[in-house]
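Have a look at the structure below, then the notes.
The values are calculated or read from the model by the stated rules, or taken from the named source; none is laboratory data. Worth saying up front: this structure is predicted, and the values here are computed from it rather than measured. Here the Cβ positions follow ideal geometry from the backbone for every residue, glycine too, while neighbour counts run over all protein chains shown. We work out accessible area using only protein heavy atoms, side chains counted, and drop any ligands, DNA or RNA first. Shrake-Rupley method; radii C 1.70, N 1.55, O 1.52, S 1.80 Å.
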Amino acid sequence: MISHSVEEQELHGLSDGRLIASRRTEVEIWLASHPHEAAQVEAWRAQNAFLHRAYDPILVAPLPARLLDAIRRPGRFSLLRAAAALAWLALGGIVGFQVRGEYPSTERQTTLPYQAALAHAVFSPEVRHPVEVDATQEAHLIAWLSKRLGATLKPPHLEAAGYALLGGRLLTGEGGSGNGAVAQFMYQDGRGARLTLYVRNDASGNGSGETAFRFAREGNIGVFYWLDGRFGYALSGSAEKAELLRVATIVYRQLNP
Amino acid sequence: MFGRDAIVTEIPRLRRYAQALVGDAARADDLVQDTLERALNKWLLWRRGSDLRAWLFTIMHNVFVNQIRTPPLVEFRADEAMPEAQTRATQADGLALRDLDRALAELSADQREVLLLIGLEEMSYAEASQVLGVPLGTVMSRLSRARVRLGALLDGQTGGASLKVVK
């Protein structure tokens with residue numbers, strides 16, 4: 001049992017990724033000979049991961065109308081708008097998701113490209129938890145997501161196109177007629193730009209559809225999407241449309257060898 | 001269009017935190033709604049260029065604290081099975097999630113806030129200290145107690161298995 005000493009604070013810091021790199025290495029070396037404390041750090045990390053697993057699905061759930069109404073009250077809006085324009089400039093690089101002038105209807109919130117763009121906007125800026133299961137555990141990732149989506153689902157390999165697989169996560173979709181499970185795979189190029197592939201079960205509602213590529217834009221996020229058999233696919237990113245199309249074509253070919 | 005959107009962009013995170021904090025989906029959205037309304041009323045007090053997210057979480061903390069202090073006391077979660085948001089029910093390990101809901105409900109509100117701001121919202125200890133308006137040392141001691149207690153609660157409910165299903 002550790003007392004409330006510097007060491008314990010540092011163990012929390014390590015669990016939360018808050019130690020500077022040099023100190024982190026020292027603490028990790030110390031932990032190698034202190035199994036009890038090492039187990040504690042592991043348990044705390046597991047708690048954090050469990051919290052994310054339990055509550056992250058809320059991030060991509062459609063917003064209830066009453067919450068949008070709450071910030072739509074007339075009278076204050078012009079003031080709000082003026083003040084926040086500056087806020088937006090300050091936050092611009094961090095926020096990363098620019099919804100349109102009018103927040104979309106609930107109906108539009110359930111479309112494949114919208115859901116995919118939203119999921120991209122929410123998770124692609126994440127530094128610590130961009131994915132739930134990372135690419136080093138690919139076999140586990142495939143088994144896990146395949147089970148949840150009810151069909152074998154392998155992430156395409158896009159190294160040849162310049163994108164490495166970071167990993168994937170399980171989400172809950174809206175509007176599909178399958179079991180609601182959605183997989184998101186995340187990729188990153190050498191400069192840190194990220195693409196996400198969103199795979200939704202039975203997005204068409206009839207389960208046998210096949211469509212050509214379609215393109216949609218949500219804010220600054222471009223989405224190529226298509227239906228194929230029981231899945232709907234959407235590739236999202238803030239890259240140029242031509243670049244997205246290039247990668248989407250490779251994804252399609254790998255899924256349909 | 002910028003002002004509303006800047007706040008809209010933060011709503012998903014406010015909802016996530018509120019859900020974990022109060023357990024019940026409808027009550028969580030009540031908390032978010034109260035927070036948004038207060039944010040609009042106080043908009044002029046927001047210092048331009050400062051962190052909008054931290055500001056909104058600070059407001060939510062104040063609303064939350066007022067709610068649990070004001071009689072009739074808001075009762076956290078019924079003892080019966082808690083209604084789960086549809087988005088969460090479809091996650092297959094619903095049982096483990098319910099264990100987590102229950103375990104969080106057992107923590108004191110102070111401990112739960114610290115644990116969630118740091119473990120779920122990934123705020124730094126200094127940011128959590130600012131949002132909650134308590135010294136850094138208080139944040140650390142609450143965090144420590146919350147983690148020990150949560151670990152014991154999860155072990156007790158599931159024989160220690162629940163954390164292993166995470167990955």
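Only one entry in B:Ala152, B:Ala128 is free of Cβ contacts under 8 Å to residues at least 60 places away in the same chain, open to solvent by less than 10 Å² (accessible area, probe 1.4 Å), among the small types (Gly, Ala, Ser) and in a helix (DSSP H, G or I), namely B:Ala128.
In the stretch A:14-44, of all residues being within 16 Å of A:Arg128 (Cα to Cα) and aliphatic (A, V, I, L, M), the one that is modelled with the highest pLDDT corresponds to A:Leu14. Which residues, taken from the stretch A:135-163, are among the aromatic types (Phe, Trp, Tyr) and closer than 18 Å to A:Tyr233 by Cα? Correct list: A:Tyr163 only.
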